[in-house]
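Visitor: The structure follows.
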Amino acid sequence: MPPRNPNSEKILDFVVNKGNGIKGLVDTGIETVPDLYILPIEERLLPNNILPYDSIPVIDVSNWDDPKVKESICDAAGQWGFFQIINHGVPLHVLDAVKEAAHRFFGLPYEERNKYWAGNSPTDTVTLKTSFVPQAEAVLEWKDYLSFRCSPRDLESFPLWPPVCRDEVVEYMESAKSVIRKLLEVLLEGLKVKQIDKAREYTLMASPIVNLMYYPHCPNPDLTAGVGPHSDISTLTILLQDDNGGLYVRATENDSWIHVLPINGALVINIGDILQIMSNDRYKSIEHRVVANGSKDRVSVPIFVNPGPDAVFGPLPEVLESGEEPLYKEVVFSDYFKYFFSKKHDGKKSMDFARI
Ligand SMILES: COc1cc(/C=C/C(=O)SCCNC(=O)CCNC(=O)[C@H](O)C(C)(C)COP(=O)(O)OP(=O)(O)OC[C@H]2O[C@@H](n3cnc4c(N)ncnc43)[C@H](O)[C@@H]2OP(=O)(O)O)ccc1O
Ligand SMILES: O=C(O)CCC(=O)C(=O)O
Ligand SMILES: [Fe+2]
C-alpha cells in the first residue's frame, strides 16, 4: 500500500486505533471529506452509471406454499441474485425496534461505545468495528458496525452484550428465523433437494451474524464508499434497510447499478457466494455497494446466514447428478471467511478461492 500523508495517519489513528470510528470523526463537525476516505474517480459511483428505471423484483410471500411464489423466488435468485420480500411475517414493530436500537447504540457517548471496540469487548460474540479491513485498505469505508455472532452457543454471552440494543437484536433474529428457513427450503427445493436434514442445516445456517450498520451523514457522499462493491460470502443475507436508500446492486450491463428502493416493512434478500457455489452457478451472488447520505445518518441491519465454521461446502450432489461438471471445489467455511477478511472489498474476487 502507498504511504499515507501525515494528516491521513492522524485520522487513521483517531478513527481506528483510538476507536472513535467514523461516527466519532463526524461528531467533531468535519465539513469536508478527509483524503483517507476519498475514492479514486474510477472507483466512485457516477450518476451516469445508475439505471434510473430498473428495480429488483418484489415478491409477496404471504403464501410460501404457492408454487408461483416458489417459482418467483427461484427465478429471482437465478436472474437477479437480489429481491425484496413483503408480507413475510416479521412484525413491523420488531423491524422498527432494531433500527431504533442501532441509532441508540451509535448515539451513545464515545466511552460507552468504546467498551465494545474490537480488542476491548467483554466477549468475542460482539465487536464494534469501522470500515472493513482498515489494515488492508488505501481508502476507508464510511461506516461503523456492531457485529453480533448469533448461534445458540453465542447467545450464552447475551448478558455481556450492550443493554441498549441486545433485546432488539435477539428479537429480530428470532423472528427472522422462520423466514430464513422458508427461503432456504424453497431455494433448495429448486435445486432438487427434498429436505434440509441436520447436516445440511449446519452447512446452510448454523452461524448467523447480525450487524448493526451505521453510516453517519457524509459531507460529500459522491466521493466515498459506504461499502465498496462486494458480494456476500453467506448462503444468503436478509437485509433490513431504513428509508434513506443508498444500496445499489450491479446490473448486467457493464458497470451499471440499480438502486434498491426502500419499501417500508420489506426485507431485502440476496444470495451469497456459498449458495452460488452449492448451486453450481444456478443462483447468483451479485455485487452490491452502499453510498452514505449527505444529510441523514443511515442504518441497516443485515443477517448474514452462514455455515458452521468447519462446514465443508461445494456444488450439491443433487445438482451434479445429471453429469454436470462442478465449477467449484469443496471449501471449509472458516478458510473462505478468513480469505474474505484478509483484503479490501474487491467485487466477486473472493469466489476465486473456491473456483476450479
Ligand atoms: C459482507 O458479507 C458478509 C459479512 C459477514 C460478516 C460480517 C462481520 O461483520 S463479522 C465481524 C467482523 N469480522 C471479523 O471479525 C472477521 C474476522 N476477523 C479477522 O479475520 C481478522 O480480524 C482480520 C480482519 C483478518 C485482521 O486480522 P489481523 O491482520 O491479524 O489483525 P487483528 O489482530 O484481527 O486486528 C489488529 C487490530 O486491529 C483491530 N481491527 C481489525 N479490524 C478492525 C476494524 N474493521 N475496525 C477497527 N479495528 C479493527 C483489531 O481488533 C486489532 O486490535 P487490537 O487492539 O486487538 O490490537 C458474514 C457473511 C457475509 O456474507
Ligand atoms: O447497508 C446495506 O444496505 C448493505 C450492507 C452490506 O452490503 C454488507 O454489510 O455486506
Ligand atoms: Fe453485502
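Visitor: Between residue 13 and residue 334, what length in nm is gained on full extension when 0.36 nm per residue of separation is reduced by their alpha carbon distance? Each step should come with its number before you reach the end.
Guide: Values: separation 321, 0.36 × 321 = 115.56 nm, distance 2.96 nm.
Length difference between fully extended and current span is 112.6 nm.
Visitor: Just tell me which aspartates and glutamates come within less than 14 Å, Cα to Cα, of residue 68; anything on the same chain fewer than 8 places away is out.
Guide: 60, 189
Visitor: Now, a different point. How many percent of DSSP beta bridges within the chain run antiparallel, rounded to 5? Working shown, then result.
Guide: Values: 41 of 47 bridges.
Given both bridge residues lie in the chain, the antiparallel proportion sits at roughly 85 percent.
Visitor: Cut-off under 19 Å on the C-alpha distance; same-chain residues fewer than 8 positions from residue 329 excluded. Which lysines are left, in chain and number order?
Guide: 284, 338, 348, 349
Visitor: For the chain, which whole-number percentage of the solvent-accessible area (1.4 Å probe, protein heavy atoms only) is attributable to carbon and sulfur atoms?
Guide: On the way: 8260 of 15680 Å².
After summing per-atom areas, the C and S share lands at 53 percent.
Visitor: Would you work out if segment 235-305 is rounded, prolate or oblate? Take a ≥ b ≥ c from the square roots of the eigenvalues of the alpha-carbon gyration tensor; rounded if a/c is under 1.5, else prolate when a/b is larger than b/c, oblate otherwise. Could you put the intermediate results ahead of the total?
Guide: Details: a/c = 2.57, a/b = 1.52, b/c = 1.70.
Oblate, because a/c is 1.5 or more while a/b does not exceed b/c.
Visitor: Within the chain, what's the longest run with no GluC sites (Glu not before Pro) in a DSSP loop and at most 15 other beta-carbon atoms within 10 Å? Give the range, please.
Guide: That would be 32-252.
Visitor: Rounded to the nearest 5, what is the percent of antiparallel bridges among the DSSP beta bridges in segment 27-168?
Guide: Numbers: 5 of 9 bridges.
Given both bridge residues lie in segment 27-168, the antiparallel proportion sits at roughly 55 percent.
Visitor: Please calculate the 1.4 Å probe accessible area of residue 68, with all protein chains present, and give it to the nearest 10 Å².
Guide: 150
Visitor: Compute the FRET efficiency between residue 48 and residue 27 as 1/(1 + (r/R0)^6), taking r as their Cβ-Cβ distance and R0 = 35 Å, and round to the nearest 0.05. Each step should come with its number before you reach the end.
Guide: Details: r = 34 Å, r/R0 = 0.97.
Using R0 = 35 Å, I get an efficiency of 0.55.
Visitor: Taking residue 23 as the anchor, which lysines have their alpha carbon closer than 17 Å to its alpha carbon, excluding any fewer than eight residues away along the same chain?
Guide: 10, 99, 115, 129, 143, 296
Visitor: Round to a whole angstrom and tell me the spacing of the C-alpha centers of segment 25-66 and segment 232-300.
Guide: 9
Visitor: Ok, one more. Which of the three applies to segment 138-197, rounded, prolate or oblate, going by the alpha-carbon gyration tensor with a ≥ b ≥ c and a/c under 1.5 meaning rounded? Can you show the working numbers first?
Guide: Numbers: a/c = 2.81, a/b = 1.54, b/c = 1.83.
Cα axes put segment 138-197 in the oblate bin.
Visitor: If you don't mind, another one. Going 7 Å from the Cα of residue 355 in the Cα-to-Cβ direction, what parts of segment 330-349 have a backbone nitrogen less than 20 Å from that spot?
Guide: Answer for segment 330-349: 330-333, 335-349.
Visitor: Using alpha-carbon pairs under 8 Å, 6+ residues apart, how would you state the relative contact order of segment 271-340 in percent? Let's see the in-between values first.
Guide: Details: 67 pairs, mean separation 23.4, N = 70.
Relative CO of segment 271-340 lands at 33 percent.
Visitor: Another one. Let me know the shape class of segment 131-279, please: from the alpha-carbon gyration tensor, a ≥ b ≥ c as square roots of the eigenvalues, rounded when a/c is under 1.5, otherwise prolate if a/b is greater than b/c, or oblate.
Guide: On the way: a/c = 1.79, a/b = 1.22, b/c = 1.46.
Taking the square roots of the gyration eigenvalues as a ≥ b ≥ c, segment 131-279 is oblate.
Visitor: Further question on the same structure: So what J values fall out for segment 143-157 if you push phi through Karplus, 6.51 cos²θ - 1.76 cosθ + 1.60 with θ = phi - 60°, rounded to Hz, Gly and Pro as x?
Guide: For segment 143-157, the Karplus curve yields 7, 10, 8, 9, 10, 10, 7, 10, 6, x, 5, 4, 5, 5, 8 Hz.
Visitor: Per residue, what accessible area does the chain have, given a 1.4 Å probe and all protein chains present, in Å²?
Guide: Numbers: 15680 Å² over 356 residues.
That works out to 44 Å² per residue.
The values are calculated or read from the model by the stated rules, or taken from the named source; none is laboratory data. The structure presented is a predicted model; accordingly, all values stated were derived computationally and were not measured. Because the Cβ atoms are built from the backbone with ideal geometry, glycine has one as well, and the counts that use them run over all protein chains shown. The accessibility values were calculated without ligands, DNA or RNA, using every heavy atom of the protein model including side chains. Shrake-Rupley method; radii C 1.70, N 1.55, O 1.52, S 1.80 Å.
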